[in-house]
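Contents: one structure, followed by commentary.
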Amino acid sequence: MSHGQFRGKVAIVTGASSGIGRAVALALAGEGASVVATYNSNRAGADALAEAAAPSEGRVENLKTDVCSAADVRRMVDHALERFGGRLDVLINNAGQWMDKARIAECPEELWDHMMNVNLKSVFLCCRAAIPAMQKNRSGAIVNISSVAGHTGGAGGTLPYGTAKGGVNTFTRGLAKELAPFGIRVNALAPGVIDTPMQHRHSTPEQLESFGEATPLKRVGKAEEMVGAVMLLASDQGSFITGEIVDANGGIYMR
């Protein structure tokens, strides 16, 4: 990819204080973008991101945002428009949460609702808020971070999470059809098991090792390995790609 290809562009990356979101925000800033990077509770991670991005050609501004709140999401988009010249070119819907395992017969309703809100409703809210600005400029790229679980339904008690991510896939395809006439592309990235703080909060080291062994590449992925696909989908080099769910899972699921 050519250097500086996001120069002058404005991006929002949700859930950017760690993991895939952090890696993508850094990459966008490194390519010249002005990035609003949201976080919910991890202020230390957000501050570390801003410090890491300081030498970049672009810039990163942190914004505490509850992506499950329509008011907060509206404020997030308004902030980006006010700070960076009234335009929004890229939206990366990365914020989400994995779950402690619970089979459906024992799954609390509150856990089900939380998985739907943080992993699916948040994508709807962020897209709904961002679309008017993109429509005004008749251009834009939205990348939703899904999961291999959106294809498989999850395993071992993670069906609520898998269901939410399956919804993200369907939402991505449907929204791509709605927005194509406005020059706005919508795609998703579906990672496999990635070595991130979120994964460590819900898996033991032994479980992570077993996940890696079950993958044809014999390891789990790294957050930085997700960046290339996201950057392609968000850039002009991916200008003829829309409605796609791009898999990056080390071969654990092949269609």
Could you please let me know if Arg201 is closer than 30 Å to Glu109 by Cα and surrounded by fewer than 19 Cβ atoms within 10 Å (Cβ to Cβ)?
yes
Of all residues in the range 177-200 being modelled with pLDDT under 95 and assigned to a strand (DSSP E or B), the one that is farthest from Leu91 (Cα to Cα)
Asp195
With respect to Gly157, is the statement that it is on the phi > 0 side of the Ramachandran plot, at pLDDT below 95, open to solvent by less than 20 Å² (accessible area, probe 1.4 Å) and among the small types (Gly, Ala, Ser) true?
yes
In the range 31-60, what residues are in contact with a strand residue (DSSP E or B) (Cβ under 6 Å, 6 or more places away or on another chain) and open to solvent by 40 Å² or more (accessible area, probe 1.4 Å)?
Arg59
Would you check which residues across the range 1-30 are modelled with pLDDT of 95 or more, farther than 25 Å from Asn119 by Cβ and surrounded by fewer than 22 Cβ atoms within 10 Å (Cβ to Cβ) and list them?
Arg7, Gly8, Gly30
Of all residues in the range 204-255, count the ones that are part of a helix (DSSP H, G or I), in contact with a strand residue (DSSP E or B) (Cβ under 6 Å, 6 or more places away or on another chain) and open to solvent by 20 Å² or more (accessible area, probe 1.4 Å).
1
Confirm whether Ile252 is closer than 30 Å to Arg103 by Cα and within 14 Å of the chain's Cα centre (by Cα).
no
If we scan the range 67-90, do we find a residue that is over 21 Å from Pro132 (Cβ atoms) and either touching a strand residue (DSSP E or B) at 6+ places or on another chain (Cβ under 7 Å) or buried (at least 20 other Cβ atoms within 10 Å of the Cβ) (or both)?
no
Select from the range 128-154 the residues that are open to solvent by less than 50 Å² (accessible area, probe 1.4 Å), without any contact (Cβ under 8 Å) to a residue 60 or more places away in the chain and assigned to a loop (DSSP other than H, G, I, E, B) and list them in ascending order.
Ser139, Ser147, Gly153, Gly154
Filter the range 102-127 down to the residues that are surrounded by fewer than 16 Cβ atoms within 10 Å (Cβ to Cβ) and touching a residue at least 40 places away in the same chain (Cβ under 8 Å), then identify the one that is farthest from Ile194 (Cα to Cα).
Ile104
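The values are calculated or read from the model by the stated rules, or taken from the named source; none is laboratory data. Note that the structure is a prediction, hence the values are computed from the model and not measured. All Cβ positions, glycine included, derive from the backbone under ideal geometry; neighbour counts span all protein chains shown. Each accessible area value is taken on the protein alone, full model and side chains, heavy atoms only, with ligands, DNA and RNA left out. Shrake-Rupley method; radii C 1.70, N 1.55, O 1.52, S 1.80 Å.
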